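Enquirer: Dumping the structure here so I can ask a few things about it.
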Amino acid sequence: MSGPALDPTSTPPGQAAEGALRPATLAVTAGRPAHDADQPLNVPVTLTSTYVAGGDLEYGRYGNPTWTAFEDALGALEGGRALAFASGMAAVTTLLDLVGNGAGVVAPRHSYSGTIAALADFEARGRLHATLVDVTDTAAVVKAMQDDEDCALLWLESPTNPALEIADLAALCQAAHGLGIRVVVDNTFATPLRQRPLELGADIVVHSATKFIAGHSDVLMGALVVGDDEVHSALKSRRDLAGAVPGPFEAWLALRGLRTLHVRLDRAEENAAELARRLATHAEVAEVRYPGFGAIVSAVLAGGADAGDFLVRATSLWVHATSLGGVESTFERRRRWKLEAPSIPEGLVRLSVGIEDVEDLWADLVQALDRISS
Ligand SMILES: *Cc1c(COP(=O)(O)O)cnc(C)c1O
């Protein structure tokens, strides 16, 4: 018999032979300490600001073994090399910082509102210019890149937050590369278990690890994942300078969350698909958006903003809160945020479906929906 686990001389998964392992196995095993006597099974939280000189780490802003374990695990799942950041937005802005002065960025008009705000902020300071596009219209996205001779970056998010639009990643990556344009994909909603953008041609993957990866609504963290060593070292240098680094405890929590990502996501997705089906049959729901995978469902209420504001206050299990991707079900009316795009319907409620029993989730939702018009 053979196989990595049965070979006494093998290194642990995450350090070798990862290509042969499936995502659920990588989630559990990648980034573990070596299988040597008295090694801890889990990587410890390394609380230190500095290191004894002469090695690779030197100082706490440049590296930390707990980050490295998280980065190895996420990198294994995405098929690239990961860098941990203090938040998703720390990853987003570190990346935008690398766009050359005066360059163009093409991005979905329904990108995460923080990303849109960051692009607007960079643009207002004359650093770059952004062209916002309908990411479902592949030809329009390609034309926007062709029309801007200074375009250096195609920013993609798929599914988008909260419109849940899907982009044709493979076609857009190919078109962008033909024009010498780099491609970034925010993979927060799909997670590497449902979509691996580097395999579809993307250069860089962005994550808000705050969401599904950490998965328990108890930590903020972000990450970038790249295939190319030069891009990795440029981003690492930028992270060193900007200092947008996570604490070791945050990295440990995110890694602990990542270990169960596949189990949580399977269950949350099953719940989400069922709730999407049932919501579509309710008279108060004008439209249900569910891309067929993942745990986010957007429901557009026939009664608009008032109906949405009523719904989010009329439940007992569902928590009215922003953010998403935790084990508990939360929801919010997205247009309550000034930053949200005006093209998002007023009555759109974004549901982040958790891992509770679906019957309890539905009963709580339907009693609230039934009371909207009364
Ligand atoms: C939340 C989110 C971000 C920002 O991440 P933070 O961890 O909140 O900084 C970026 N992109 C998407 C798609 C998100 O949902």
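Enquirer: Have a look at segment 143-244 and give its Rg and Dmax from the Cα atoms, expressed in angstrom.
Expert: Rg, Dmax (Cα atoms, Å): 14.4, 43.
Enquirer: Roughly what would the spin-label model give for Asp266 and Trp337, points 7 Å off Cα along C-beta, in nm?
Expert: 3.1
Enquirer: Next question. Under 19 Å from a point 7 Å along the Cα-to-Cβ line of Asp134: which residues of segment 96-113 have their amide N that close?
Expert: 106-112, by backbone N distance to the label point.
Enquirer: Related question: Near Lys338, which aspartates and glutamates are there with a Cα under 20 Å away, not counting those fewer than 8 places off in the same chain?
Expert: Qualifying aspartates and glutamates at Cα under 20 Å: Asp121, Glu123, Asp306, Asp309, Glu346.
Enquirer: Let me ask something else about it. Only sites in a loop by DSSP and with at most 14 other Cβ atoms within 10 Å count here; which GluC sites (Glu not before Pro) in segment 18-82 make the cut?
Expert: Working: sites: Glu18, Glu58, Glu71, Glu78; in loops: Glu58.
Taking segment 18-82 and a limit of 14 other Cβ atoms within 10 Å, the loop GluC sites (Glu not before Pro) found are Glu58.
Enquirer: For the chain, what is the convex hull (Cα atoms) projected area averaged across all directions, in square nanometres?
Expert: Working: hull surface 82.6 nm².
Result: a mean projected hull area of 20.7 nm².
Enquirer: To the nearest 0.05, what FRET efficiency results for Ala53 and Asn101 with a Förster distance of 35 Å applied to their C-beta separation?
Expert: Working: r = 36 Å, r/R0 = 1.04.
In this case the efficiency is close to 0.45.
Enquirer: Between helix 261-279 and the chain, what is the angle of the helix's C-alpha long axis to the longest principal axis, kept within 0 to 90° and rounded to the nearest 10?
Expert: Its long axis makes an angle of about 10 degrees.
Enquirer: Turning to a different aspect of this structure: Assuming R0 = 45 Å, can you tell me the calculated FRET efficiency for the pair Val319 and Leu241, based on Cβ-Cβ distance, to the nearest 0.05?
Expert: Details: r = 38 Å, r/R0 = 0.85.
Calculated transfer efficiency: 0.75.
Enquirer: Test of understanding: what is the full-extension gain from Glu199 to Ala363, defined as 0.36 nm times their sequence separation minus their Cα-Cα distance?
Expert: Details: separation 164, 0.36 × 164 = 59.04 nm, distance 4.03 nm.
Extra length available between Glu199 and Ala363 comes to 55.0 nm.
Enquirer: Any idea how far apart Arg278 and Ser373 come out in nm if each label point goes 7 Å out from Cα toward Cβ?
Expert: The modelled label-to-label distance comes out at 2.0 nm.
Enquirer: Separate question: If you average 1/r over every pair of different alpha-carbon atoms in segment 249-374 and take one over that average, what Kirkwood value in Å do you get? Write out the running numbers ahead of the final one.
Expert: Working: mean 1/r = 0.0673 Å⁻¹.
Kirkwood hydrodynamic radius for segment 249-374: 14.9 Å.
Enquirer: Looking at the chain, which longest stretch skips every one of the trypsin sites (Lys or Arg not before Pro) that is in a DSSP loop with at most 12 other Cβ atoms within 10 Å, leaving the sites themselves out?
Expert: Longest stretch, sites excluded: 126-312.
Enquirer: Helix 229-242 sits at what angle to the longest principal axis of the chain, using alpha carbons and giving 0 to 90 degrees rounded to 10?
Expert: 80
Enquirer: Between Rg and the Kirkwood Rh of segment 181-328, both from Cα atoms, what is the Rg to Rh ratio? Write out the running numbers ahead of the final one.
Expert: Working: Rg = 18.0 Å, Rh = 17.4 Å.
Value, to two decimals: 1.04.
Taken together, the values in this text are just the output of simple stated rules run on the coordinates, not laboratory data. Keep in mind it's a predicted model, so treat the numbers as computed, not measured. Positions of Cβ are generated from backbone atoms using ideal geometry, with glycine treated the same way; all protein chains shown enter the neighbour counts.
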